[in-house]
Structure formats: structure tokens, C-alpha cells
Amino acid sequence: MVPRRPPGLMRGVAARWAAAVVGLMGVHACGGGGDADTGDPLVDGSPTPVAQDYRPRTSALDEVALDDFVGAQACAQCHAEQFGMWSESTHGRAGGPPGGGTLITSFDGTPIEFSDGAVIPRGEGGAYEFVVRQEGHEEVRYAVDGLIGGGHMLGGGTQGFVSRLPDGTVRFLPWDYSRQADAWFCNTGSRTNEGWVVIRPDMAMAECGDFPPVRTLGTYPRFANCQSCHGSQIEASLEPGVGVVTTWESLGVNCETCHGPARAHVAWANGSAGGSDIGIESRVVDGVDESLAVCFQCHALKDVVQEGYLSGMPLDAYYALKLPILGDDPYVADGRVGTFAYQGTHLSSSCYLDGSMTCVSCHEPHGQGYWDVNRAPLASEVDDGQCTACHAAKAVDPESHTGHPASAGANCVSCHMPYLQHPEVGDEVPFARSDHTIPIPRPGHDARMGLVSACRTCHEDRSEISLQASTEDMWGLVKPHDPIVSGILAATPAIGAEQAAALLLHPGLDRPMAQFQALARFLESWTALDQPFSPEARIRVEALADSEDLDVRSLALATLHWVEEEAGAGRIPAQPQAVRRRWAMILSYLGDQSAASGDGARAEAGYLRALAVLPEDPQALRSLGLLYNQSGDFGRAIDAFTRSLGGDPNQPLTHVNLGIARAGSGDAAGALRSYEAALRIDPNEPLAHFNMGNFHLRAGAWEQAIQAYGRALTHDPGLGLGHFNMAVALIRAERYQEALPHARRALEFSPDDDRPRQMVADLERVLGGAP
Amino acid sequence: MGGVDSVDAEAVPGAGGRLIRVCPRFGWVALAMVAVHGPVWGQSAQMGDLAAEGERLARELGCGGCHTGVPFEEGIRSVAPTLGTDQVPFAPAYVFAYLADPRAVRPDIAPARMPRFDLTEAERLALALFVTNERELQGVDDAFRAAQARHPDVARATGRDVYENLGCGSCHTHPDGGASQIAPDLASQGMRVQEAWLRDYLSAPTTIRPSGSEPGRGSRMPDFRLTPDEVGALAAFLMSRQEGSIPAWRPDPLSPFSMQKAETLLRDRWSCLGCHELGEDGGRVGPRLNGVAHRLTPAFVRAFMEDPGHLAPGTVMPASLEQADRLDLIASFLVQRPGPWTPAERIEGLTLAAPFETEEAGASDLQRPTADAGERLYQRRCASCHGVEGAGDGFNARHLPAAPTVHADAEAMALRPDDTLYDGIHAGGWILGKSHRMPAFGASLSPVEIRSLVAYIRQLCGCEGPEWSRDGRRGS
């Protein structure tokens, strides 16, 4: 029932919010290990930069197409043994349709209680759903169309849920289940940013970062690392005129994820089955890095160098595993997990760096059991054979090495591969992964790194000091860190650039991960735009610029380019595209950092140098356009966005940004055309609808604005600013009753902001004090 | 069998011949053999006629002019060996051949004065029978037949004669004679090699192991210039011996893809080519792997890969740590790889390292690691690549894609913990991120032996591992 209110009051509310269409809150902000930031779209006269466009998976460079994949069942007949093992493996059971014992918790109707409502998981026999009952909002039901994960991981197994929404997109639902915690939890990234928290009755639904469901399976902007991995051949393609269409072969991890597309192989098997070209590659003959690349498709943190990766493509053409280190601390100084990094830590292990260890040295790949480096089966994940097949010297008299009587706590992995909770997750939901840097326990050092030492796994009652003393007593000196790690630990902010270079830059060592960490630190703390190097630093950076590692080389080249433009530019022609892409990304990153700190000139230099490396690079041009938009230089912004679209015309958000620039320059009609162009590519693009709404709102066309905001919120119900502006439009249209839920949503998503709070208060007052 | 002392065993009609020790003063080395064609022994009814013809010829040719024991009216001249007695040292076959070309039969002694009479084959045959033992010829024939009946496995016996008379046991080990480790153990040849290949090899021995059966010893199998019949007999004899047993195994039929996969594993992952050549790639320590299909039996290849020491005690080849399916794959590949067996290029002038006996002597009583024992092991197992003095300059080093570690390099070796050296010896170079062609000896050497090698390597470099690596130090 709509309460009747005195018209005067109503008008008063309308008047207050008449000119209040302003930017309030960030949306889609990065969080929870995410890599993307869709920016901070605003309304009205403050044109909104919108970064990180989505791009469909089509590229002239692709040699693999979705049609090349056939699915696991096609492998079963000929490879029955492997298929059988896989079917029972964690990969084979990593996800899929609900039911048949795949759910790790009961959907018996027991509500997940929030302070503002409840979510009720219910269903049986294969049909499951979440019913969302939230105060002040209509009931919403989300069918469970797929399970993500099977809760298999020993250090913390979880299960997520996806649902196909009415707009056709398949989205992650905000509530996950932890097998070890035996509880519902959610990721609070982008809201309260407290990591993964067990859902408590005092939590608001909006504290869950993905509420309402916004994260689309298979797309990059939010948590790019997860999207393609919890499933096989997940494809979110942007169909012009339709929007994002998500398809997948399986929500498990299937044969072709590791072996690459098998259609040619199946044709071979069904045909002549002759010749040495069987249409698929054997993993048996992979070298160390080739083998790792198969697993690092998913088991490593990485940045997207180029979108459109499909299994079978060269990983380093599409992903850079070390670039996430820039601007973040995914790894601590010795390579262990600092925030959230999966098993990419392996790249910092001595077993890899000084040996030849790959994932399949210990992990049997089909059944996910354990074997040793000679493929001799092992009993379990704690079997010493994983280590002693190589470290045979330690197997002769284990106790003389361990100093501990044989016990569960004296296994090799007890001390050298302890389970470490990924810090970014927080400590409520178990998400520990065994430490794949395979370190030596150093209780004192471990504590300084903010990590729990392996010793404390058993000796919980002892202090780090005490444990450190014991290790020194038992083992004397332990293996020192390599010089780069030592350098990172020693390079305090107080030292000068020359000394920092000597500590951090070691081009002669074959330690790419540490080299990247150290160089990134050097770049960010001891260099400045166009401030020449010290002689020593220059020599070392130049040497690193010849590294065989693509990431290290690219970072060194970008550093050189940033510090001494001509020295960097001179090296551009000799570098392959994989390096130039990374190089340009790094310079764009430096531009972004500069823009964020308000140094537009430095930001511009970063983008322009990125464009020198990759001429007409659509991404660098888009970044440049956003910078000009921010600084109000709309003419140059229009030019940059137009050029960006020239190279990559199917980017809806670039059209949106172009529209914002045009609006800023006073070309309202041009802006409208840009938003329409964006919607022709993706009719579901919420930010296009949102800015369209802003256009109508500015024009005083309330109803059209309301319709546009409605479409934006249909496709992104978590767009807080959209709710706020919708409320404004509804107020202007004097539809106060309808405005209130949107104002509440705006407040819900930005509880610390005064303006939605004031708006809610005003509306509640005029509507009669509704709660 | 008459008085022909060197033919005290059985001979085979139609199968070959009989051996005669023609030159006892040369011991086992200088031997010859003549063929005795089947009809001679197989048609005894003609023997008497032939012998009579022989006597007539002897008279006609005047053999008694030089030889005693043959009819000669004018007296006795003893300038040549006695003929026609019960103790004639020559077999008919030898005489048969000798008469055809006296110089060719005994080229290694002083020029013979025995003239060449340009006899027909029948004449030579008649003479040979006459002079060897005319009076007991029928008895010889009877004895031969009786022996043949008693010993149907005649080829073996004949081959054993070849083996004994060649003195094969001087270098080889064999149940019928010989226990030397100089050359490969022949006790299991029947399981090991293909007979056709063995015949070819015995006909014209070529180098199998470029550096010898013991690395560095050199390949010394002599060419005895055996006749085809000798070859056949010896080959049959050797093939008949199957000491021990190996599991039955049949190669998997491999697709071209699997063949390619196996070859890639061999070249890029396994250590085999550290010692063996495949194509033109690989080391020169062990036999070439080219044409294994022609040389070796499949079951032997498979069994040898798994446990070479069982089939060839003391071999330097380590037992594999790989799993059965991979061994099946590689063995199947080797025995199906197309192409003939080709001999290896012989490496001359090598320095002999420690022989097996020395290594065994050192290792047998090892209760704790010693550098001395390590040295013996090192010279035999490691020096081929790492060099006799650890300089990384073993004869095989130039055939490797990565230079062997210089164990004499104090600076470099001081960075390597003892345990790392141990691990590398045990598990191979691959696990240390070094050359995959460094084999894993963990299934062949005991921990004490490996520690001994480590101790010797420390002696070579005159250095210790890093201080931090001295594991187990307490209270320091």
C-alpha cells in the first residue's frame, strides 16, 4: 500500500534531490583477489572513467577455437583407464550440475540468516534454488544451475553456485559453502573488504561483495583468475545485439583443459589412426616449463596479456604470471603467499629453480593421487616419497635430518610444505594451501613475513623466538636465502638508489620470480619518470632487459623506458610481441598509478610511452582517454577513445566512455549516439544504460531516465550509483514510494555515505516513517 | 674317434666340420678349420673305395718320399710329418683343405714345402681319407655314428669345440669355460641376442661398445676369420646357453606416434643417450641402440633395462628407476625401431679405469664410506664422462649435450652440499635441473657406495660443501 503524504513535503523532497545526481560510490571496485576495476562511473556533469572493457574471445592470433573441443566423454572409449581415474578425481568432480551427491551441504530450507533478511537454500532431486527474502524488497529466486567446486581441497574446500539469470548471463551467486567451516560464507570484497567471512545474523546482505549477483561466469572484469578455471571451455562471448552469452563444456576440469582440443585427435582415431600426428599433443614429453604452463592455466595468479585464451594455446602469449606483483603483494619476499596466489609459489621453490620439479612430479594428473618423480605410486599427500625420490640422501636416516622421531609431524611435508592460509581470505574460512615454495622452516623469519611457521603447526604453545632457538640448536646454520631474496629483505626505504640497485638487481641469477619482485620494488621505490639511473643501476637494469624470462625482460625494458625514454624506445623494434604487450601494460600501469596519485602529466607520459611500444594500442588509448576525461580535456579524450575504437570497435565500455567525453564537451547528441553504439554491441551493458539514464535525467526526461536506470539495474543490481540515480529520477517524477527501495539499496551498498542516508531519511519521513 | 685328439667330441653330418688344433704352440689363437662335406661322412659305403684310391694316389704322387706311414718303395725319408698311423694328428677335413692349397691353410707359419698337386676334389678327398687313417676308417665312421646317436645336440658340441679352441673363455665368462670379466658374459647369449645377428658378428666382429665392454678398456674382440661353418657352430653353441631366466615379454605394437613419443623421451628426458647412441646422438660408453631389433631379443632388452646387473653382473649400466609401463614403451620402441644394426666407431687409446673386479673388491666389504672405494667406483662408473681426475674431460664428454660437472673445480663444488651430490648420483642429473643424460644410480649403488663416491669427489675437489649444508649439526 502506498501511503498518502502531503504534497508539500513531497515537493520538498523532490527539491532537495533535484540537483543531486552526483557520484557517490565506487562500483565494481577491486576486491578479494580481483584484478579488474571497472572504474567509478559517475553521473551528470562529472564524466565517469570506465576502465577494463570486456572483450569477446575472438582474435586473429587464435589457433584454437571452441569448436575444436569435444568434451571428456569422447575420450572415454579409447582411454578408459585414464577416464575412469579422472572421473573420480578432484578435477573430474570439480563442479557440475547440482544433485547426485555433488552438493556439499544440505538444501533443506534452513535459512542463511542476515540482519536484513534471509537466504533459503532449498530443493531436492536435482532442482535447487536460493530464495532471497530481504526486508523492503520483493522475494527473488535464483535457480542453482551449476556448482563451482566440490569442496575437495584439504586445506579448505568450498563450493559456489551459479545461476542463469533472465538476461541470459550465468552469474555466481553471492553465497558459498565451506566444507571445513561447515558454514555459509561470502566474499566481502568491494563492500566491507574483510575477506571471506562466515555469514552471521548481524550481517547485511550487501556486505557480500557479489550481492546481488553481478559476477558473470567466464568474463574477466571481476576475479579474472577464477572465471575460466572452475570449469572447462567456459566461454563468455559477446554476441552483438544479444550480450554476453556464457557456454561451457563442463564445470569440472576435463581432459582437454590439460591436453588441448581433441577434435582432430578424435577424427584421427576414427579415421586412419596412422601417422605420428595424432591431432593432439602428448603431455608426456613436456619440458619443465611446458608442463607447468598446463597447470598454471589455473593454479597461478596471473595478468591477462591478451584475452581469448583457450587450452592448447601458448599460455605466455595470453597471461603473465609475474605482472600481478606490480602494485600488489601477492608474494612475500621469499615468494610465499602474501595475499592470494594459488600454487604459483612453486616458481620460487628451490625444487623448481635448482631442480626440475613440476606439478606432475608429485601429482598424478589423471586421478590426482600422488606419485614420485619416477611415477611410483605413493600412498598419500604426506608420503615422504614425494621428496625422497630426489632428496635420497635424507631417506637413508630420516631422523638424523628431521631431529624428530618418526611421526605424522615428521613427514617431509610437515615441515617443508605446511598449509598456509591465504591471507587475503582472512581467517574465518579455511583456505590454506600447502606451501609450494617448499621452504626451510625459519620460525623467526616466518613470523617477520607474517606467516605461520611450520614448527607452530605442532608446537602451538611455543613462541617464534623459542622455536627459532630450537631450529638453530638442531640444525645449526640453515641454507641462506638467495641474494635476491636477501636483497629484498634488506632494501629498506631509507637506502639510496645505488645501494638499492646493488641489493635488488641481480641479472646473473636464474631466479625470474625473485628478479621480478626485486625489480618491481626498485621501479616503484627508487626510480622516477625521466630521472636517470645511477651508473650501477643502469648496468643492472640493462642486463635484466636481456633476460630470457618474458616478464622480467618486459619489466626491465619498461623501467628503462620510464626512466630514460630514449634508451627504452631504442629497444622496441628488437622485441617480440609478447614482450611488447607486457612492456606496454607495465607502462600503462605506471600511468594508472600516476593518475591515481593525481599526477596527470606523469600518467600521460606512461600512456604515451605505452603507445610508443604498441602503436595505436586500444587499451593504452582508452587509458589515455580516461585520463583526459578526468582532467576535462574532452577533445583529446574523444580523439583517444575514437582511435581506441578504431583498433577495437567492439568494446561497449569504450563507446560509453566516448559518450561521456562527448557529453563533457557539450555534444549531448553525440553522447547519446555513443551509448546507443555500446548497446548495439551489448544490449545488456549496465553502464551504457546507466549513462543513458544520466542523459535523460539531465534532459529532464524522468520517465526515460527511470527506464534506462531500470535496465542498468536489471543487468547489474549491485550498481549502487544506479540505485541512487534511479531514486533521484523517481523522486523527480514524484514516485517516492518507488524511490525508497532504490535509496535503501544505494545506502546498503555504501553505508558510510551521507547522501543516500539522507535520501532514505527524507523518503521515510515523507512516506510516513517506513522502516 | 681314432687318434684325432682334437676331435674327441661329436661331429655333425652336413652341419659343419671338425676342428683341428693345427698349431698347438700358438695356444688358442691360431686355429683353422676345414669343412667336411656331408657326403664324405654320410656315405660310408664309398669310403673303402675312396681309401683305395687314396693309396693309389699316394703311391703315384710319391708321398712316401717325404712322409713316413705311406707306401713308398724306395725307403723312408722323414722330412715331413708321419702319415698313416693311428696317431695321425690331422683330421681328414684338414688334409682335404690342405691339399688344395697348402700355403693358404697355414699361412702363419714358415712357407710350407708341401707342393700343390692340383688335385681334383675327389682326389683330395681320397688322399685325405687315406692318409688320416686308412686302416680304421670304417671304425671312425662307426664311432662317429654311434656318437651322433648318443649326442643329438651335435651343434652345441661342435660349437663348444670352437669356443674352446678359440679360447673364448680367456676373455668371456661361460659355463663351459671361462670366468673372465674382460669381455661380456656369454652365459646368456641365447636369451640375449638374435642368432642371425650373432652369425654376422662372428663372421666379422665389429665394435659394439665403442669404449669396450668396460668403459675405457677399448673394444678388443678379435676377428678370428671364422669360416661359415665355424660361425654356424659357434653361434649355435652360444645360442644354446641360457643361464638364468628372463621373464617372457612381447613388445607392444607401437603406433608412429608412440614411436615418436618414446624417442623423445629417450632424447629429452631419460639418461640412456648419455651412454648409448641413437641415430647420431648420444654417448659412446654403451652399445649403440641403432638396430637393437636385429641384435638383441625383445625380452632381453626389456629385462636388461629393468635390472641390467642381474643379467650382466657388474655392468656399469644402472638399473632403471622408471615404471614398468615406461620400460615397456622404450623397450618396444627399441626393438621395433627400423634400421639395421650398425657397428659403433671404435674408440682407441683409452685409459683403462678400474675394472669390475676392483670395484667389487672395494665394495664388498664396505661398511662405511671411504674415498678409496669411491675412487674405484668413480673410475669405473663416472670417469667416462667426468674424467679420470674429475676434470670433466672423460672420453664420452664430447658426445654429451652438456659438459659434465668438473668435480675437480673447488670453487664450484664448494657450493654444492654433499647431499646434493648424493641426490644427483642417486636420482640422476634431471632432478637437479642439470643434464638428464646423467643417469640415476640409486637402484644400483648402495647408500654407502654413493657416500663413498661423494667422499672421493670431495677428494678430487679438495673442498667441502657449504657450511650450512652439514646437516644434523647440533648446538653449533
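The values are calculated or read from the model by the stated rules, or taken from the named source; none is laboratory data. Keep in mind that what you see is a predicted model, and the values were worked out from it rather than measured. Backbone-built Cβ (ideal geometry, glycine too); neighbour counts: all protein chains shown.
General observations
- If only residues of segment A:537-567 that are of a type outside the set (Asp, Glu) and more than 30 Å from the chain's Cα centre (by Cα) are counted, the one that is nearest to A:ARG602 (Cα to Cα) is A:ALA567.
Results for (1) within 22 Å of B:SER213 (Cβ to Cβ); (2) outside the structural domain of B:ASP185 (by TED's automatic domain parsing); (3) surrounded by fewer than 16 Cβ atoms within 10 Å (Cβ to Cβ), shown as yes or no for each residue.
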site: B:GLY286; (1), (2), (3): yes, yes, no
site: B:ARG302; (1), (2), (3): yes, yes, no
site: B:HIS310; (1), (2), (3): yes, yes, yes
site: B:GLU322; (1), (2), (3): no, yes, no
site: B:ALA331; (1), (2), (3): yes, yes, no
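- The single condition among (1) farther than 19 Å from B:SER180 by Cα; (2) touching an Asp or Glu at 6+ places or on another chain (Cβ under 9 Å); (3) away from chain A (no Cβ under 14 Å); (4) not hydroxyl-bearing (Ser, Thr, Tyr) that B:ARG241 does not meet is (1).
- Qualifying positions in segment A:733-771 - surrounded by fewer than 21 Cβ atoms within 10 Å (Cβ to Cβ) and basic (Lys, Arg): A:ARG735, A:ARG755, A:ARG757, A:ARG765
- The set of residues in segment A:351-389 being part of a helix (DSSP H, G or I) and within 10 Å of another protein chain (Cβ to nearest Cβ) consists of A:CYS351, A:TYR352, A:LEU353, A:SER361, A:THR388.
- Residues (outside any loop (DSSP other than H, G, I, E, B) and over 33 Å from the mean Cα position of the chain (by Cα)) located in segment A:485-508: A:GLU498, A:GLN499, A:ALA502
- Considering A:ARG336, A:ARG283, A:ARG263, the condition of being away from chain B (no Cβ under 14 Å), surrounded by fewer than 19 Cβ atoms within 10 Å (Cβ to Cβ) and in contact (Cβ under 8 Å) with a residue 40 or more places away in the chain is satisfied by A:ARG263 alone.
- Annotation: B:GLU389 fulfils all but one of (1) more than 14 Å from chain A (Cβ to nearest Cβ); (2) without any contact (Cβ under 8 Å) to a residue 40 or more places away in the chain; (3) surrounded by fewer than 20 Cβ atoms within 10 Å (Cβ to Cβ); (4) assigned to a loop (DSSP other than H, G, I, E, B); the unmet one is (2).
- Restricting attention to segment B:174-199 and to residues that are acidic (Asp, Glu) and either under 21 Å from B:LEU278 (Cα atoms) or at pLDDT below 85 (or both), the residue that is nearest to the chain's Cα centre (by Cα) turns out to be B:ASP185.
- Residue within segment A:409-420 that is surrounded by 19 or more Cβ atoms within 10 Å (Cβ to Cβ), farther than 30 Å from A:GLY338 by Cβ, within 14 Å of chain B (Cβ to nearest Cβ) and without any contact (Cβ under 8 Å) to a residue 40 or more places away in the chain present: no
- Annotation: of all residues in segment B:200-243 being on the phi > 0 side of the Ramachandran plot and surrounded by fewer than 21 Cβ atoms within 10 Å (Cβ to Cβ), the one that is modelled with the highest pLDDT is B:ARG225.
- Against the list (1) over 19 Å from B:LEU366 (Cα atoms); (2) aliphatic (A, V, I, L, M); (3) more than 9 Å from chain A (Cβ to nearest Cβ); (4) surrounded by fewer than 24 Cβ atoms within 10 Å (Cβ to Cβ), the condition B:MET438 fails is (4).
- Matching residues, segment A:339-350, being within 14 Å of chain B (Cβ to nearest Cβ) and surrounded by fewer than 20 Cβ atoms within 10 Å (Cβ to Cβ): A:SER350
- Matching helices (runs of 4 or more DSSP H) fully within segment B:404-476 where at least 1 residues are among the basic types (Lys, Arg) and more than 35 Å from the chain's Cα centre (by Cα): B:447-461
- Condition check for A:LEU353: among the hydrophobic types (A, V, I, L, M, F, W, C) and in contact with a helix residue (DSSP H, G or I) (Cβ under 6 Å, 6 or more places away or on another chain): no
- The residues of segment A:514-535 that are buried (at least 21 other Cβ atoms within 10 Å of the Cβ) and either among the acidic types (Asp, Glu) or over 29 Å from A:GLU604 (Cα atoms) (or both) amount to a single one, A:ALA514.
- Any chance A:SER291 is assigned to a loop (DSSP other than H, G, I, E, B), among the polar types (S, T, N, Q) and either in contact (Cβ under 8 Å) with a residue 24 or more places away in the chain or surrounded by fewer than 22 Cβ atoms within 10 Å (Cβ to Cβ) (or both): no
- Boolean, A:ALA603 is buried (at least 24 other Cβ atoms within 10 Å of the Cβ), among the small types (Gly, Ala, Ser) and more than 30 Å from A:ALA293 (Cβ to Cβ): yes
A quick yes/no check of all residues on (1) touching a helix residue (DSSP H, G or I) at 6+ places or on another chain (Cβ under 6 Å); (2) under 20 Å from A:LYS322 (Cα atoms):
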| position | (1), (2) |
| --- | --- |
| A:GLN499 | no, no |
| A:ASP510 | no, yes |
| A:THR527 | yes, yes |
| A:ASP530 | no, no |
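- Filter result (small (Gly, Ala, Ser) and either closer than 18 Å to A:ALA317 by Cα or without any contact (Cβ under 8 Å) to a residue 40 or more places away in the chain (or both)) within segment A:559-577: A:ALA567, A:GLY570, A:ALA574
- Residue satisfying condition, being buried (at least 19 other Cβ atoms within 10 Å of the Cβ) and in contact with a helix residue (DSSP H, G or I) (Cβ under 9 Å, 6 or more places away or on another chain), within set A:SER597, A:SER588: A:SER588
- If you go through segment A:460-475 and pick out every residue that is without any contact (Cβ under 8 Å) to a residue 40 or more places away in the chain and part of a helix (DSSP H, G or I), you end up with 10.
- Among all positions in segment A:80-93, there is no residue which is among the hydrophobic types (A, V, I, L, M, F, W, C), in a loop (DSSP other than H, G, I, E, B) and either farther than 27 Å from A:CYS255 by Cα or in the same structural domain as A:ALA204 (by TED's automatic domain parsing) (or both).
- Test for A:GLU536: is it at pLDDT below 95 and either part of a helix (DSSP H, G or I) or in contact with a Lys or Arg (Cβ under 6 Å, 6 or more places away or on another chain) (or both): yes
- Residues in segment A:266-280 that are facing another protein chain (nearest Cβ under 7 Å) and among the aliphatic types (A, V, I, L, M): A:ILE278 only.
- For segment A:146-168, the condition of being among the small types (Gly, Ala, Ser), assigned to a loop (DSSP other than H, G, I, E, B) and closer than 28 Å to A:ARG745 by Cβ holds for at least one residue.
- Matching residues in segment A:390-407 - criterion: being in contact (Cβ under 8 Å) with a residue 24 or more places away in the chain and more than 7 Å from every other protein chain (Cβ to nearest Cβ): A:GLY403
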